[in-house]
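Heads up: the structure comes next, in structure tokens.
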Amino acid sequence: MNFKILIAEDEDITRKHLVRALKKEGFEVVGTCNGREALGQLSKEYFDVLITDIRMPEMSGIELLEKTKERHPNVEVLIITGFGSIDSAVEAMKKGAYEYITKPFNLDELLIKVRNLHERKSLKRENMILKALRNTSQDVTMVSRSQSMREVLDTVERISDSECGVFITGERGVGKGLLARMIHATSRRRNLPFLSVKCATFPEELLESELFGCNRGSVCLLGRHQQGMLELSDSGTLYLDGITQIPLPLQTRVLKVIEDGEILNEPEDKPIRINVRFVASSESDPKAHIAEHRFLEDLFYKLNITEIFIPPLRERKEDIEPLCNFFLKKFRERMQKKVAGFSKEALDLLNNYSFPGNIKELENIVERAVLLENGSFVSSHSLPQGMKTYHIEMFEPSSIKTIDELTREYAGRVYRMVEGDMIRATELLGISENELLHLLKER
């Protein structure tokens with residue numbers, strides 16, 4: 001995970017010396033020669049730390065500190081000051097500076113302060129993630145060890161002070177819904193509503209009622225409220241899961257709501273002002289839907305201020321074992337079993353499996369294993385037989401299947417395994433009955 005440092009120092013020799021020394025320590029460093037240039041750099045990209053001289057032309061270090069804390073409160077500021085400016089350094093500390101160092105400074109002393117800041121920011125990031133996980137109403141599945149998932153969580157931390165739209169992409173079962181909740185739980189809206197709409201599960205007419213509510217005086221198809229999710233999400237976050245599945249006419253209405261910040265159900269209605277942060281997701285490439293004229297390009301770019309891709313589980317094998325242990329603990333306590341862990345054979349089988357259903361499938365596999373296991377460790381006999389035969393041939397191009405083909409084939413296998421029990425199959429796959437029927441028809 002990169003630790004980014006911005007330096008504002010008008011003395012060329014000092015600035016270049018600092019940049020060189022910090023880069024040598026493995027940090028990502030950008031040098032600027034005054035406060036105005038530093039502010040411009042802060043507006044372009046994220047930095048963890050700003051190191052600034054207190055005396056600079058055009059803008060003093062104190063003024064730069066104030067503007068940085070106002071616009072970018074997560075950036076820690078380290079002040080460099082001369083011996084005769086200690087009072088200014090104390091003033092800087094009162095205004096939010098993390099630390100100060102006096103000129104001429106010892107480079108080792110500065111590096112120690114930067115390393116302490118690095119450690120502090122890392123702990124803060126980890127605490128933020130744990131707090132977000134506690135605040136989610138679903139079981140936590142976003143346990144990670146892989147670098148790719150740490151980068152995903154790092155992005156969540158970096159946008160925690162932003163109100164920007166977020167577009168999450170990734171296959172079914174990778175945890176897009178949980179990530180959306182984390183984004184909300186770490187934002188300024190954390191204590192305000194978080195609502196979610198699974199767009200693919202509704203027919204068009206019901207989806208319209210779900211989003212926009214019922215026209216005043218009409219009978220509500222949903223039979224529960226006149227207000228729609230857009231209005232109920234006011235001041236909070238609305239997660240549109242599978243947004244590319246929304247019919248085009250409704251996409252146009254959603255886009256207008258985002259652009260205007262208001263809802264209008266009927267010509268005679270007064271507009272309803274709303275302030276909603278939008279998070280959306282798609283299992284497939286939204287740009288492919290745009291190319292096929294099934295998804296509005298303007299809507300995509302309105303939502304896609306920040307794009308986050310969650311890699312499939314087969315591409316981050318390092319996460320399998322910690323996820324297995326997490327789910328084992330969860331189901332062991334729930335079922336009051338004394339299963340201590342996984343046998344080596346079982347772990348090898350899990351690590352070599354392709355998981356077309358991703359984390360949701362892994363959770364179901366561990367739940368089944370804990371239920372069936374009578375020994376102290378989960379054995380390979382407690383894992384589904386299909387895991388030993390179902391895999392992707394990686395070395396024969398002619399035998400490689402698309403993700404859609406694998407998903408349909410896997411859905412069919414699960415459906416047959418439960419002997420046509422539609423409810424059990426949808427529970428195991430983590431999808432709706434309509435989605436399962438759609439997959440079975442396409443086979």
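Coordinate-derived values only; no laboratory data. Please read all numbers here as calculations on a predicted model, not as lab measurements. Cβ sites come from the backbone with ideal geometry, for glycine too, and all protein chains shown count toward neighbours.
Tabulated values for the structure
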| item | result |
| --- | --- |
| Global geometry of segment 315-442, whether rounded, prolate or oblate, following the gyration tensor of its Cα atoms and the 1.5 cut on a/c | oblate |
| Radius 13 Å from Cβ of Gln251, net charge of other residues (Lys, Arg +1; Asp, Glu -1) | -1 |
| Efficiency of FRET from Cβ geometry, Arg71 and Leu111, R₀ 25 Å, rounded to 0.05 | 0.35 |
| Gain on full stretching of the segment that runs from Met93 to Glu333 - 0.36 nm per residue minus C-alpha separation | 81.6 nm |
| The chain, Rg to Rh (Cα coordinates; Rh as Kirkwood inverse mean 1/r) | 1.04 |
| Dipole magnitude (debye, nearest 20) for the chain, charges at Cβ of Lys, Arg, Asp, Glu | 1240 |
| Label-zone membership for segment 272-311, site Cys164, 7 angstrom Cα→C-beta point, backbone N under 12 Å | 303-308 |
| Stokes-Einstein D (µm²/s) once Rh is taken as the Kirkwood radius of segment 10-110 over alpha-carbon pairs, at 37 °C in 0.692 mPa s | 240 |
| Extension reserve of the Asp154-Glu205 stretch, reckoned as 0.36 nm per residue once the Cα distance is removed | 14.5 nm |
| Calculated FRET efficiency for the pair Ser376/Glu262, C-beta based, R₀ 51 Å, to 0.05 | 0.25 |
| Table column - 3J(HN,Hα) (Hz), segment 227-244, Karplus curve with 6.51, -1.76, 1.60, x for Gly and Pro | 6, x, 4, 4, 6, 5, 7, 3, 6, x, 10, 10, 9, 9, 7, x, 5, 5 |
| Share, in percent, of DSSP beta bridges within the chain that are antiparallel, nearest 5 | 5 |
| Whole-number Å³ per residue for the convex hull built on Cα positions in segment 136-309 | 119 |
| Per-residue ³J(HN,Hα) for segment 93-98, Karplus 6.51 cos²θ - 1.76 cosθ + 1.60, θ = phi - 60°, Hz, x for Gly and Pro | 4, 5, 8, x, 5, 6 |
| Peptide ranges 10-17, 407-414, 166-173 listed from the most packed, as the mean C-beta count within 10 angstrom indicates | 166-173, 407-414, 10-17 |
| Projected label distance in nm at Val418 and Glu307, using a 7 Å step from Cα toward the beta-carbon | 3.4 |
| For Val29, distant residues with modelled amide H under 5 Å away | Ile5 |
